[in-house]
Amino acid sequence: MIKQYIRPIAICIFQHNKQILVAEAKDDVRNLTFYRPLGGEIKFGESAETALKREILEEINEPIHSIKHLKTLENIFTYRGSKGHEIVFVFDGKFKNPHIYTKNEFIGFEKDDGWGNFKIVWKSISFFFNHPETPLFPTGLMEILNKNKE
């Protein structure tokens, strides 16, 4: 039997020129391409903000600053046929390296979640409003973006 648990994560909505930085992912079971902001799991004894800084360094080797908590979401979902449940701390933040804002896409790496290498892209916020068949997860993020437009 697979142990079920609620996973705490921290993600960041990096914004620039009405775009957000997101990881592209696929759910082969549902034949679904989707996007998700960068971030990851909060380890025991670690604050959400500290976890976010660590995760961004691990995924793309870039330091961040000006971190602001926007909202906390509960995310109950199915991915590749398995149920998942997350408590998601959503932050806004900035990169210390301004060159990140000039890259259209690049590769990130996640060793802990089994993602391995993954594509990271700047996507127009309007893309997600106009293409619901290619969702932005977690659920509830679109409402945050709508309230916090750059």
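Residues that are among the β-branched types (Val, Ile, Thr) number at least 2 in the following helices (runs of 4 or more DSSP H) confined to the stretch 48-150: 48-60. Of all the criteria given as (1) under 19 Å from PHE137 (Cα atoms); (2) surrounded by 12 or more Cβ atoms within 10 Å (Cβ to Cβ), the one not satisfied by THR50 is (1).
Selection within the stretch 27-67: residues that are β-branched (Val, Ile, Thr) and touching a residue at least 60 places away in the same chain (Cβ under 8 Å). The member of this set that is farthest from ILE6 (Cα to Cα) is ILE60. Counting only residues that are touching a residue at least 60 places away in the same chain (Cβ under 8 Å) and either closer than 24 Å to VAL29 by Cβ or within 15 Å of the chain's Cα centre (by Cα) (or both), the stretch 96-123 holds 11 of them. Residues considered: LYS43, LYS71, LYS18. Of these, the only one that is surrounded by fewer than 20 Cβ atoms within 10 Å (Cβ to Cβ), of a type outside the set (Val, Ile, Thr) and within 16 Å of the chain's Cα centre (by Cα) is LYS71. If you go through the stretch 1-16 and pick out every residue that is assigned to a loop (DSSP other than H, G, I, E, B) and either touching a residue at least 40 places away in the same chain (Cβ under 8 Å) or of a type in the set (Ser, Thr, Tyr) (or both), you end up with 5. Going by what's in this entry, would TYR35 be described as of a type in the set (Ser, Thr, Tyr), within 15 Å of the chain's Cα centre (by Cα) and outside any helix (DSSP H, G or I)? It is true that TYR35 is of a type in the set (Ser, Thr, Tyr), within 15 Å of the chain's Cα centre (by Cα) and outside any helix (DSSP H, G or I). Going through the stretch 128-139 one residue at a time, which ones are over 12 Å from the mean Cα position of the chain (by Cα) and buried (at least 16 other Cβ atoms within 10 Å of the Cβ)? Within the stretch 128-139, PHE128, PRO135 qualify.
All told, PHE44 meets the bar of being over 21 Å from PRO132 (Cα atoms), part of a loop (DSSP other than H, G, I, E, B) and hydrophobic (A, V, I, L, M, F, W, C).
All of (1) modelled with pLDDT of 95 or more; (2) of a type outside the set (Ser, Thr, Tyr); (3) assigned to a strand (DSSP E or B) hold for LYS26 with one exception: (1).
The values are calculated or read from the model by the stated rules, or taken from the named source; none is laboratory data. Note that this is a predicted model, so its numbers are computed, not measured. Quick reminder, even Gly has a Cβ in these numbers, built from the backbone with ideal geometry, and neighbours come from all protein chains shown.
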